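Colleague: I'd like to ask some things about the structure below.
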Amino acid sequence: VGISLYPRDGDTAETLFQHADTALHRVKQRDADGIAFFDEEFNVHARARRALEQELRLALKRDEFELHYQPQVQLSTGAIVGVEALLRWRHPARGLLAPTDFIAIAESSDLITDIGAWVMRTACRQAWAWARGGTPVSVGVNVSVRQFAQRKLLPQVQDALAETGLDPALLTLEITESLVMRDVQGVAGLVQELKTLGLHVAIDDFGTGYSSLSNLRLLSLDQVKIDRSFVQDLTRDPD
């Protein structure tokens, strides 16, 4: 529920409805049921969001996104056995931005579909180039909740593999535990479809939510990535 009050938040029906709708949008952003009273700060926030969303649309057209590749190392040998593709935005005024600065806005709009498709194609193209150069390396690509919800992930992957010619065995899709918790059966079905293509599927940030270990049995996963909060203090915390 979004609420605006007369005369504090406006003196016409149109203004009051607009402000109530702005408050409602704020509730929806929190991804929870609730109530919000309109605050002028909401308008400031909404204008900033709209401006950033427009900049994101231009960023796609201007090719301002780039992928950085974080290596996954076999500790016993020091060999790089894979990489994870990490999205960055080379903003013309603000410099290099991490996903925390813009991905939430992309996911609340239709932009995440186009950005996700760009990430998939670019990562597959880079993996193909490494393999062609004699260094085949598995590339991990993160999948957003919105990509899954829109049911566009499978065709995106198929298109990227067809376009780049990448061996599917060199592609790993990473889904988050929160995505699994939303729809275990639906995710399990999609994982099976993806694996028929020959690629690998991993679950990321595992252990931060409330999903059961038994859910892992339903998913036919290749890899479970435990959230870093469980392991980052291994070298100094005896617990």
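Colleague: Straight-line reach only, C-alpha to C-alpha below 30 angstrom: list the lysines that LYS225 could link to, leaving out same-chain residues fewer than 8 apart.
Modeller: Hits, sequence-local ones excluded: LYS28, LYS152, LYS195.
Colleague: Averaged per residue, what accessible area in Å² does the stretch 1-121 show with a 1.4 Å probe, protein chains only?
Modeller: Normalised by residue count, the accessible surface of the stretch 1-121 is 61 Å².
Colleague: How far, in degrees from 0 to 90, does helix 40-62 lean away from the longest principal axis of the Cα atoms of the chain, to the nearest 10?
Modeller: 40
Colleague: Continuing with this model, one more query. Size of the chain along its principal axes in angstrom, Cα-based, largest extent first?
Modeller: Cα spread of the chain along its principal axes, largest to smallest: 69, 45, 40 Å.
Colleague: Given the rule -39500 (n - 2.57) for each run of at least 4 DSSP H residues, summed and divided by the residues of the chain, what is its mean residue ellipticity at 222 nm, to the nearest 500 deg cm²/dmol?
Modeller: -14000 deg cm²/dmol, from helical runs alone.
Colleague: Counting other Cβ atoms within 10 Å, keep those with at most 10, restrict to DSSP loop, and tell me which trypsin sites (Lys or Arg not before Pro) in the stretch 114-170 are left.
Modeller: Answer in residue order: ARG151.
Colleague: I've got another one for you. Give the residue list of trypsin sites (Lys or Arg not before Pro) in the stretch 40-112 that are DSSP loop and have at most 11 other beta-carbon atoms within 10 angstrom.
Modeller: Passing sites in the stretch 40-112 are ARG94.
Colleague: While we're on this one: Compute the Rg/Rh shape ratio of the stretch 102-179: radius of gyration over Kirkwood radius, all on alpha-carbon atoms.
Modeller: For the stretch 102-179, the value is 1.00.
Colleague: While we're looking at this one, here's another question. How far is the Cα center of the stretch 172-219 from the Cα center of the stretch 79-129, in Å?
Modeller: Spelled out, the Cα-based centre of one part sits 21 Å from the other.
Colleague: Nearest 10 degrees, 0 to 90: what angle lies between the long axis of helix 13-29 and the longest principal axis of the chain (Cα atoms)?
Modeller: The two axes meet at around 30 degrees.
Colleague: Probe of 1.4 angstrom, ligands and nucleic acids ignored: what's the accessible area per residue over the stretch 151-239, in square angstrom?
Modeller: That works out to 58 Å² per residue.
Colleague: Leaving out ligands, DNA and RNA, and with a 1.4 Å probe, what % of the accessible surface on the chain is carbon or sulfur?
Modeller: Of all accessible area on the chain, carbon and sulfur atoms account for 52 percent.
Colleague: Kindly express, to the nearest 10 degrees and within the range 0 to 90, the angle between helix 153-164's C-alpha long axis and the longest C-alpha principal axis of the chain.
Modeller: It works out to around 50 degrees.
Colleague: Let me ask something additional. Could you tell me which of rounded, prolate or oblate describes the stretch 115-239, using a ≥ b ≥ c as the square roots of the eigenvalues of the alpha-carbon gyration tensor, with rounded for a/c under 1.5 and, failing that, prolate when a/b is larger than b/c and oblate otherwise?
Modeller: Oblate shape, in that a/c is at least 1.5 and b/c is the bigger or equal ratio.
Colleague: Name the trypsin sites (Lys or Arg not before Pro) in the stretch 155-239 that are in a loop by DSSP and that have at most 12 other C-beta atoms within 10 Å, would you?
Modeller: Answer in residue order: ARG236.
Colleague: Here's another thing I want to ask about it. Once you keep just the Cα pairs under 8 angstrom separated by 6 or more residues, what percentage relative contact order results for the chain?
Modeller: 11
Colleague: Same structure again: State the extension gain, in nm to one decimal, for the chain segment bounded by THR12 and ASP39, taking 0.36 nm per residue of separation less the distance between their alpha-carbons.
Modeller: 8.1 nm
Colleague: With a/c under 1.5 counting as rounded, go ahead and sort the stretch 1-110 into rounded, prolate or oblate using the C-alpha gyration tensor (a ≥ b ≥ c being the square roots of the eigenvalues; past the cut-off, prolate if a/b is larger than b/c, else oblate).
Modeller: Here the stretch 1-110 falls in the prolate category.
The values are calculated or read from the model by the stated rules, or taken from the named source; none is laboratory data. Being a predicted model, the structure only gives us computed values, none of them experimental. Neighbour counts are summed over all protein chains in view; Cβ atoms, including those assigned to glycine, are modelled from backbone coordinates with ideal geometry. Ligands, DNA and RNA are stripped out before the accessible areas are found, and what is left, the full protein with its side chains, is counted by its heavy atoms. Shrake-Rupley method; radii C 1.70, N 1.55, O 1.52, S 1.80 Å.
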